[in-house]
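Q: Here's a structure for you.
We did not get these values from a lab; they are worked out from the coordinates using the rules stated. Computed from a prediction, not measured in an experiment: that's the story for all the values here. Cβ placement follows ideal geometry from the backbone for every residue including glycine, while neighbour counts extend to all protein chains displayed.
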């Protein structure tokens, strides 16, 4: 690997049932075909400690979880993830493919729960400083279709048990953020066939790579 290669940070977002896992596998295969070194990770999680926090966040429980508790746990897991996995990989010149990141916090805790966006932004700066994803795919699907897919494959976790209106707010937040920053976000219609979704992803990745500075310096 050329020491001047620059690592890129790609995140994949969307409500339940959009097909993140399958399409992340496709993105990883695309990167492999391009000869781009990369790692795959997820949020909340990505390290043993962060995975333990993930379990606390997702497990259904009788005790009501305060919205600030939930928010702080999300960022605690993220801080560990950044320090142990994401920043070191980017520093090595690798691409990082992450299943959800801070956009999910804006969407789920901000849009879904109604937590102040300013409060989330303050924690974002505290934990991440200026680090933001280079490219974010928002896999978009009508909420009722996504939830039907999600419920057919596994027992619902604590978030998946929320009402339809919660996920409508989550989806709206994702789309609002994508519209506000088109240089970072690419919205992909996840209600189409898997072949269609992956054709769109390949096209967008090709476009991004051709416009990216990855591997160009010093060559």
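Q: Okay, helix-only estimate at 222 nm for the chain: each DSSP H run of n ≥ 4 adds -39500 (n - 2.57), divide by all residues, round to 500 deg cm²/dmol; what do you get? List each step's numbers first, then the result.
A: Values: 8 runs with 103 residues, N = 219.
Theoretical 222 nm ellipticity from helices: -15000 deg cm²/dmol.
Q: Let me ask another. Between residue 158 and residue 199, what FRET efficiency comes out of the Förster formula 1/(1 + (r/R0)^6) with R0 = 45 Å and r the beta carbon distance, rounded to 0.05? Working shown, then result.
A: Working: r = 35 Å, r/R0 = 0.77.
In this case the efficiency is close to 0.85.
Q: Turning to a different aspect of this structure: Specify the angular offset, from 0 to 90 degrees and rounded to the nearest 10, of the alpha carbon long axis of helix 67-81 from the longest principal axis of the alpha carbons in the chain.
A: 20 degrees
Q: With angles folded into 0 to 90 degrees, how steeply does helix 20-33 sit against the dominant principal axis of the chain? Use alpha carbons for both and round to 10.
A: Orientation of helix 20-33: about 10 degrees from the principal axis.
Q: If the chain between residue 62 and residue 145 were fully stretched, how many nm would it gain, using 0.36 nm times the residue separation less the Cα-Cα distance? Intermediate results must be reported in sequence, preceding the final value.
A: On the way: separation 83, 0.36 × 83 = 29.88 nm, distance 2.79 nm.
Extra length available between residue 62 and residue 145 comes to 27.1 nm.
Q: When the chain is fully extended, how far beyond the present Cα-Cα distance does residue 6 get from residue 121, taking 0.36 nm per residue of separation? Write out the running numbers ahead of the final one.
A: On the way: separation 115, 0.36 × 115 = 41.40 nm, distance 2.62 nm.
Here the segment from residue 6 to residue 121 would lengthen by 38.8 nm.
Q: What angle do you read, to the nearest 10 degrees and between 0 and 90, between the alpha-carbon axis of helix 48-58 and the longest principal axis of the chain?
A: Approximately 40 degrees, to the nearest 10.
Q: Right, here's the next one. Distance from the Cα centre of the range 109-149 to that of the range 41-56, in angstrom?
A: Value for the Cα centre distance between the two parts: 17 Å.
Q: Right, next: Can you give the Rg to Rh ratio of the range 95-141, both from alpha-carbon atoms, with Rh computed by the Kirkwood formula?
A: Values: Rg = 11.5 Å, Rh = 11.7 Å.
With Rg and the Kirkwood Rh in hand, the quotient comes to 0.98.
Q: Between residue 33 and residue 69, what is the label-to-label distance in nm when each label sits 7 Å out along the Cα-to-Cβ direction?
A: 4.7 nm
Q: Test of understanding: in a Gaussian network model of the chain with alpha carbons linked when under 10 Å, which of 75, 26, 167 would top the mean-square fluctuation ranking?
A: 26
Q: Hey, another quick one. Taking each pair of different alpha-carbon atoms in the chain once, compute 1/r for the pair, average those values, and report the inverse of that mean as the Kirkwood hydrodynamic radius in Å to one decimal.
A: On the way: mean 1/r = 0.0557 Å⁻¹.
Taking every pair of different Cα atoms in the chain, averaging 1/r and inverting gives 17.9 Å.
Q: To the nearest 0.05, what FRET efficiency results for residue 132 and residue 191 with a Förster distance of 41 Å applied to their C-beta separation? All intermediate terms of the calculation are to be shown ahead of the outcome.
A: Values: r = 28 Å, r/R0 = 0.68.
That gives a FRET efficiency of 0.90.
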